[in-house]
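The values are calculated or read from the model by the stated rules, or taken from the named source; none is laboratory data. Every value quoted in this text rests on a predicted model; they were computed, and no experiment measured them. With ideal geometry, Cβ positions are generated from the backbone for all residues, glycine too; neighbour counts draw on all protein chains shown. Accessible surface is based on the protein model in full, side chains and every heavy atom, while ligands, DNA and RNA are left aside. Shrake-Rupley method; radii C 1.70, N 1.55, O 1.52, S 1.80 Å.
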Amino acid sequence: MSGSAVDEYYPGLEGVIANETAIANIEGKDGSGGLEYRGYRIEDLADSVSYEETAFLLLHGDLPTASQLKDFDQRLKASRAIPEALVGLYKQIPASIHPMDVLRTSVSVLAHYDPDVSAPPSDHAANVRKAERLIAQMATAVAYRERVVKGLPLIAPDAKLDHAANFLHMVSGKVPSAVVRQAFDVSLVLYTEHELNASTFSARVTASTLSDLHSAIVAAVGTLKGPLHGGANEEAWKVLERVGAPENAERWIEDALARKERIMGFGHRVYKKGDPRAAILKRYCASIAREIGDDRWERIAEPIERAVTTQKLLPPNVDWPSARLYHYMGLGIELYTPIFAMARVAGWAAHVIEQLDHNRLMRPRARYIGPPAREIKPLQER
Ligand code: SDX
């Protein structure tokens with residue numbers, strides 16, 4: 001290998017350190033995995049801070065003071081509106097197009113109307129302003145498209161509601177109960193950031209060419225869509241629906257494992273002893289199931305979780321409980337991954353800004369395994 005290439009190949013970049021970051025740590029105390037956002041443990045954050053505080057932490061480096069949170073909250077609320085041109089596009093894009101594809105388009109269109117569209121990628125303050133606007137706008141974009149596809153009138157953002165409640169209200173027209181709002185807010189906090197996962201890596205590679213923040217977020221949305229990554233929460237719900245009833249669960253999972261089926265919502269490239277987010281969300285699933293008086297899906301999920309965890313040694317990841325939680329909230333499964341994306345945009349943006357602040361172009365090498373050097377034969381001799 002020429003140049004600085006290290007002739008070691010790690011398929012899927014498994015275990016490769018490709019960046020340094022001050023944003024999240026998923027190593028855990030003994031290296032078996034654990035999640036911290038800028039040094040705060042996810043177990044502490046999930047039960048005590050809002051999505052707004054979490055987004056501020058990731059973008060600005062620490063949890064906000066009361067006055068910082070008030071100003072941040074006002075900036076987010078002032079940025080919730082999306083351009084009429086984008087709403088018009090929602091009415092033209094066929095209803096059959098998946099919301100993740102429409103969200104990818106939405107971020108592109110939002111870039112064209114962003115007041116800092118001409119700011120250089122090196123402008124940290126402009127990048128933070130763009131990030132804050134995208135956090136507010138993506139929630140509106142997801143909700144508006146859903147209402148258009150359902151043939152329902154748009155519900156404008158309500159400045160009296162926080163980020164979590166406002167999104168649920170824009171989708172359903174109902175202001176959520178305190179219990180539902182808290183559970184949804186926790187799910188957003190848990191989805192906000194996760195070190196160098198595939199979609200974050202995609203965003204950082206894009207930023208490393210000194211491209212702009214919106215282009216990096218478009219790349220991240222396209223990456224998150226895949227069922228091995230963010231798309232898994234939608235697939236995890238389909239597993240539960242296929243099983244259908246608690247009495248089917250044991251038999252179904254035994255057959256699925258015997259068929260060596262990949263059970264969506266389980267396993268993780270880094271967490272081998274369990275995803276701390278799944279344990280947190282499972283508690284909220286149980287409390288919301290009680291609130292709505294229907295624990296059927298909890299009784300379907302439990303035997304599946306027990307079997308995959310004990311027989312395959314693959315504990316559930318965050319997408320396994322989030323699928324049930326969003327079902328309990330009356331959210332359509334096509335919204336599950338867009339919700340993941342509208343939460344994760346704060347983490348993606350923090351990584352893009354970190355990359356642009358201390359950049360080095362990311363350009364790994366590939367080991368060549370194609371045909372050896374050879375001469376070209378003239379066309380009539382081929
Ligand atoms: C997210 O990276 C992140 O941080 C991502 C994320 C984030 O917050 O950004 O945490 C969010 O993407 C969570 C993961 C969501 N994806 C899924 O739930 C899809 C199902 N899970 C798998 O596809 C898999 O577990 C991955 C993709 C999550 C991890 O895959 P790896 O590390 O590449 O592991 P692998 O595919 O090489 O599997 C190793 C073995 C294989 O068995 P063998 O072929 O060696 O016999 O474990 C098996 C796999 O078949 N396996 C599974 C399985 N996951 C792995 N078998 C059954 N069901 C599964 N879910």
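When HIS327, HIS358 are checked against the criterion of being open to solvent by 10 Å² or more (accessible area, probe 1.4 Å), under 19 Å from VAL180 (Cβ atoms) and either away from the ligand (no atom under 11 Å from the Cβ) or in contact with a Ser or Thr (Cβ under 6 Å, 6 or more places away or on another chain) (or both), HIS327 stands alone in meeting it. Every test in (1) among the aliphatic types (A, V, I, L, M); (2) at pLDDT 95 or above; (3) closer than 27 Å to ARG360 by Cβ; (4) surrounded by fewer than 19 Cβ atoms within 10 Å (Cβ to Cβ) is passed by LEU69 save one, and that test is (3).
Residues that are out of contact with any helix residue (DSSP H, G or I) (no Cβ under 7 Å at 6 or more places or on another chain) and open to solvent by less than 10 Å² (accessible area, probe 1.4 Å) within the range 34-60 comprise just one, LEU57. The set of residues in the range 113-131 that are surrounded by 15 or more Cβ atoms within 10 Å (Cβ to Cβ) and either under 24 Å from the mean Cα position of the chain (by Cα) or touching a residue at least 60 places away in the same chain (Cβ under 8 Å) (or both) comprises ASP114, PRO121, ALA126, ASN127, VAL128, ARG129, LYS130, ALA131. Taken over the range 214-226, residues that are touching a residue at least 24 places away in the same chain (Cβ under 8 Å) and closer than 12 Å to ALA198 by Cα amount to 7. ARG242 passes every criterion in (1) more than 11 Å from the ligand (Cβ to nearest atom); (2) in a helix (DSSP H, G or I); (3) in contact (Cβ under 8 Å) with a residue 12 or more places away in the chain apart from (3).
Taken as a whole, the condition of being open to solvent by 30 Å² or more (accessible area, probe 1.4 Å) and outside any helix (DSSP H, G or I) applies to ASP7.
Rundown of residues vs (1) within 13 Å of the ligand (Cβ to nearest atom); (2) of a type in the set (S, T, N, Q); (3) farther than 17 Å from ALA232 by Cβ; (4) open to solvent by less than 50 Å² (accessible area, probe 1.4 Å), yes/no style:
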| residue | (1), (2), (3), (4) |
| --- | --- |
| ALA256 | yes, no, no, yes |
| ASP275 | yes, no, no, yes |
| ALA286 | no, no, yes, yes |
| GLU291 | no, no, yes, no |
| ASP295 | no, no, yes, no |
| GLU302 | no, no, yes, no |
| ARG306 | no, no, yes, no |
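You will find that of LEU224, LEU213, the residue that is near the ligand (Cβ under 10 Å from one of its atoms) and either surrounded by fewer than 18 Cβ atoms within 10 Å (Cβ to Cβ) or at pLDDT 95 or above (or both) is LEU224 and no other.
Pairing residues of the range 170-189 that are crowded, with 21+ Cβ neighbours inside 10 Å with residues that are acidic (Asp, Glu), at Cβ distances under 7 Å and at least 6 apart in sequence or on separate chains, gives VAL171/GLU146.
TYR40 falls short on exactly one of the conditions (1) over 18 Å from ARG277 (Cβ atoms); (2) more than 17 Å from the chain's Cα centre (by Cα); (3) in contact (Cβ under 8 Å) with a residue 12 or more places away in the chain, and that condition is (1). Across the range 195-209, the qualifying residues are those that are within 16 Å of the ligand (Cβ to nearest atom), in contact (Cβ under 8 Å) with a residue 24 or more places away in the chain and open to solvent by 10 Å² or more (accessible area, probe 1.4 Å), and the one among them that is farthest from the chain's Cα centre (by Cα) is VAL205. So ALA22 passes all but one of these: (1) touching a residue at least 60 places away in the same chain (Cβ under 8 Å); (2) buried (at least 19 other Cβ atoms within 10 Å of the Cβ). Which condition number does it fail? Exception for ALA22: condition (2). Among the residues of the range 214-242, those identified as among the charged types (D, E, K, R), over 13 Å from the mean Cα position of the chain (by Cα) and closer than 18 Å to VAL318 by Cβ are GLU235, LYS238.
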